[in-house]
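One structure is given below, encoded as structure tokens.
The values are calculated or read from the model by the stated rules, or taken from the named source; none is laboratory data. As the structure is a prediction and not an experimental result, all values here were calculated from the model. Here the Cβ positions follow ideal geometry from the backbone for every residue, glycine too, while neighbour counts run over all protein chains shown. Quick note on the areas: whole protein, heavy atoms, side chains included, nothing else; ligands and nucleic acids left out. Shrake-Rupley method; radii C 1.70, N 1.55, O 1.52, S 1.80 Å.
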Amino acid sequence: MVQFEANFDGLVGPTHNYAGLSYGNVASQSNAQDVSSPKEAAKQGLRKMKALTELGLVQGVLAPQERPDIHTLRRLGFTGSDAQVLDKAFREDPVLLAACCSASSMWTANAATVSPSADTADGRIHFTPANLTNKFHRSIEHEVTGRILGQVFADERHFSHHQALPANDYFGDEGAANHTRLCADYGHAGVELFVYGRSAFDLSAPAPRRYPARQTLEASRAVARLHGLGEDTAIFIQQNPAVIDQGVFHNDVIAVGNQNVLFYHQEAFLNTAAALEEIRRKLPGTELHFIEVPTDEVPVADAVKSYLFNTQIVTLKPGQMAIIAPTECAETPSVKAYLDKLVTLGTPIREVHFMDVKQSMRNGGGPACLRLRVAMTQAEHAATNQACLMNEALFARLNQWVDKHYRDTLSLSDLRDPALLQESRAALDELTQILKLGAVYPFQR
């Protein structure tokens with residue numbers, strides 16, 4: 001069967017705000033306390049989804065989380081009516097309230113790790129929601145994430161869903177942001193690269209000193225086991241601790257792959273030569289393109305500021321790929337010069353498309369953060385919830401939905417407004433009907 005890669009982007013939620021909750025994420029911290037625009041953020045995301053469909057790609061939509069998360073605030077001791085819970089949380093612990101209002105589920109690269117059926121032992125696509133234990137505001141996502149994924153990919157003949165890993169530092173899992181796949185073609189068995197920041201059990205192993213390593217080796221190995229990946233399919237590579245300490249909080253901030261192309265910074269990995277040799281050994285007969293960006297052409301700071309590697313590499317037709325980059329890449333001189341050069345080097349990457357996702361970028365997430373990649377066959381595509389697949393009608397419907405429910409601006413003090421909670425619930429209740437998801441949110445159950 002013909003196999004291809006679909007991108008499932010997260011819809012930006014109605015509570016999109018800049019609380020600066022992500023320590024180690026330079027953009028998130030530097031824009032803390034700014035006023036956000038939930039409406040513009042959601043529309044920027046929708047325009048990116050629409051643009052990818054116009055390039056001929058399969059594009060899906062994933063629903064956001066319910067926020068404010070009243071259920072979690074009640075678990076943490078706040079009582080009374082919903083309005084009283086919000087007011088008490090704002091007065092007693094505004095940072096906690098901001099965490100329970102985070103719209104970070106928009107970055108669906110962290111939603112789960114996905115292994116396509118060509119790689120797995122039982123021939124099904126496997127999903128494991130990420131536990132995201134390193135950040136409280138994200139650690140409360142995985143239960144609803146699992147429900148949403150279960151409704152989008154419901155057919156057990158084609159899809160297998162796992163629980164998130166145990167929620168502790170030993171098994172810290174950040175999902176597809178630290179996972180990529182290389183192959184000759186999407187339908188061929190490939191190798192899955194699990195990039196980790198530290199070993200939880202081996203305290204003598206290298207680890208960053210300034211910022212946390214969010215992904216552990218132990219978590220990566222556990223996901224590979226759950227997905228039925230063989231020894232020849234899974235490769236475990238350590239991220240360079242020095243770049244984590246420079247703000248590279250996920251591997252997809254410093255490297256990205258697609259089919260037979262691995263695009264990475266010179267300082268991305270701890271033992272680069274050994275990793276590349278293992279890839280060659282496990283993909284015999286595949287023409288591989290390892291594109292290393294030298295530090296003297298693009299310093300790490302410029303790569304982080306522009307999100308050069310938090311771009312999407314997409315296949316437009318056999319042997320021809322394009323990079324989907326944020327406009328910040330065009331505005332950073334070293335990065336723009338490198339991209340202009342890249343399309344002339346004779347690799348499969350022939351085009352660069354710049355897209356405005358500034359609302360997301362200011363919170364620390366570029367085009368690659370916004371999407372979960374699912375390689376699938378035509379039969380698996382047919383078994384997917386068709387209401388979640390982007391087309392002209394859904395694009396128009398979701399834009400109308402955003403116009404109806406989203407605020408133009410949002411400040412941190414607005415998070416205590418009980419009207420925001422009601423607006424958000426009304427929006428999500430309607431969205432689950434549009435996307436035919438059923439009752440996935442706590443307030444619906």
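Just a few scattered comments:
- Filter result (within 17 Å of residue 235 (Cα to Cα) and part of a helix (DSSP H, G or I)) within the range 167-183: 175, 176, 177, 178
- Close Cβ contacts (under 6 Å, 6 or more residues apart or on different chains) running from residues in the range 71-100 that are under 19 Å from residue 17 (Cα atoms) and at pLDDT 95 or above to residues that are crowded, with 17+ Cβ neighbours inside 10 Å and aromatic (Phe, Trp, Tyr) comprise 89/78; 97/90.
- Failed item in (1) modelled with pLDDT of 95 or more; (2) out of contact with any Cys (no Cβ under 6 Å at 6 or more places or on another chain), with residue 26 passing the rest: (1)
- If you go through the range 218-255 and keep only what is part of a helix (DSSP H, G or I), open to solvent by 30 Å² or more (accessible area, probe 1.4 Å) and not charged (D, E, K, R), you end up with 226, 242.
- When the test is whether a residue is open to solvent by less than 30 Å² (accessible area, probe 1.4 Å), in contact with a strand residue (DSSP E or B) (Cβ under 9 Å, 6 or more places away or on another chain) and either on the phi > 0 side of the Ramachandran plot or acidic (Asp, Glu) (or both), residue 351 does not pass it.
- Of all residues making up the range 150-165, the number that are within 16 Å of the chain's Cα centre (by Cα) and open to solvent by 30 Å² or more (accessible area, probe 1.4 Å): 0
- Within the range 202-233, the only residue that satisfies the criterion of being farther than 19 Å from residue 170 by Cβ and of a type in the set (A, V, I, L, M, F, W, C) is 229.
- Some residue of the range 310-325 being within 20 Å of residue 55 (Cβ to Cβ), open to solvent by 20 Å² or more (accessible area, probe 1.4 Å) and outside any strand (DSSP E or B): yes
- Residues that are open to solvent by 20 Å² or more (accessible area, probe 1.4 Å) and touching a residue at least 24 places away in the same chain (Cβ under 8 Å) within the range 415-438 comprise 416, 417, 418, 423, 425, 430, 434, 436, 438, listed in sequence order.
- Flag for residue 193 being in contact (Cβ under 8 Å) with a residue 60 or more places away in the chain, of a type outside the set (D, E, K, R), in a loop (DSSP other than H, G, I, E, B) and in contact with a Ser or Thr (Cβ under 7 Å, 6 or more places away or on another chain): no
- Some residue of the range 265-273 being surrounded by fewer than 18 Cβ atoms within 10 Å (Cβ to Cβ), part of a helix (DSSP H, G or I), of a type outside the set (S, T, N, Q) and over 23 Å from the mean Cα position of the chain (by Cα): yes
- Only listed residue being touching a Gly at 6+ places or on another chain (Cβ under 9 Å) and assigned to a loop (DSSP other than H, G, I, E, B), chosen from 440, 374: 440
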